[in-house]
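For reference, the structure is listed below as structure tokens.
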Amino acid sequence: MRLISLKSFTLFVAVAAALTLSACGNKSNSIHGGEAEGVYLNVGKLKYQVEISRQLNPGSIPEDRTFVQDIAKGSQTLAPDELWFAVFVRVENPTHQPVAPATYFTISDTQGDVYEPVHIGASNPFAYSTSPIPPNGLAPDPDSVAAQLQSINGMELLFKLKRTTLDNRPLVLNIKSFSPADSASDVLDV
């Protein structure tokens, strides 16, 4: 049996410690894909979280009527084969400067269909805002109606989807930032 010299053992311990410490650098985890809602996704300097996504029924559910208020003209009605689908998003700015959130979102399905959100006017308190988020701040503002409504807790992205899209799951929300250029995607719980 061969014995390891004290000098060799000391060198081995020093190398192992150095490798261990180098793996513990000051890096932050960056997540660009989620398997379900609730995951914080890094896009540019901000963190995005899908709070909830769901089909809306403004004809039968009073709360849903508020989500489809102040929609751009020409987008207000649904075709017989369409439905309203909302994604409620929370955005966190962990930096020390104001940062504008992403402006480009899509939903895609397994058949390659891609949908862009319908424009919602600023008079709708749930509408997604592209206003800069304050340093170490959140959007929606914690004191806003959108943040306080427990059923959604986020800003709304409103989509018109084909009814058949719900059969082509999973649906994926794609988020794209142009300044800096970055993107992420999240599987929606439908």
Taking the stated definitions as given, is residue 118 touching a Ser or Thr at 6+ places or on another chain (Cβ under 6 Å), over 14 Å from residue 46 (Cβ atoms), surrounded by fewer than 16 Cβ atoms within 10 Å (Cβ to Cβ) and not acidic (Asp, Glu)? no
Listed residues 112, 38; which is at pLDDT below 95 and loosely packed, with under 15 Cβ neighbours inside 10 Å? 38
Flagged in region 95-134 as more than 19 Å from residue 186 (Cβ to Cβ), touching a Gly at 6+ places or on another chain (Cβ under 8 Å) and small (Gly, Ala, Ser), in numbering order, are 127
Of 164, 106, which residue is at pLDDT 95 or above and exposed (fewer than 14 other Cβ atoms within 10 Å of the Cβ)? 164
Could you figure out which of (1) at pLDDT 95 or above; (2) among the acidic types (Asp, Glu); (3) farther than 21 Å from residue 171 by Cβ isn't true of residue 63? (1)
For region 88-140: of the residues being charged (D, E, K, R) and within 26 Å of residue 160 (Cα to Cα), which is nearest to the chain's Cα centre (by Cα)? 90
Can you tell me which of (1) of a type in the set (Asp, Glu); (2) surrounded by 14 or more Cβ atoms within 10 Å (Cβ to Cβ); (3) at pLDDT 95 or above is the one residue 81 doesn't meet? (2)
In region 62-73, what residues are out of contact with any Phe, Trp or Tyr (no Cβ under 9 Å at 6 or more places or on another chain) and either assigned to a loop (DSSP other than H, G, I, E, B) or under 20 Å from residue 166 (Cβ atoms) (or both)? 70, 72, 73
For the structure I just gave you, tell me whether residue 51 is under 30 Å from residue 135 (Cα atoms) and either in a loop (DSSP other than H, G, I, E, B) or acidic (Asp, Glu) (or both). yes
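The values are calculated or read from the model by the stated rules, or taken from the named source; none is laboratory data. Predicted model only: the values in this text are computed from it and were never measured. Neighbour counts run over all protein chains shown; Cβ positions are idealised from the backbone, glycine included.
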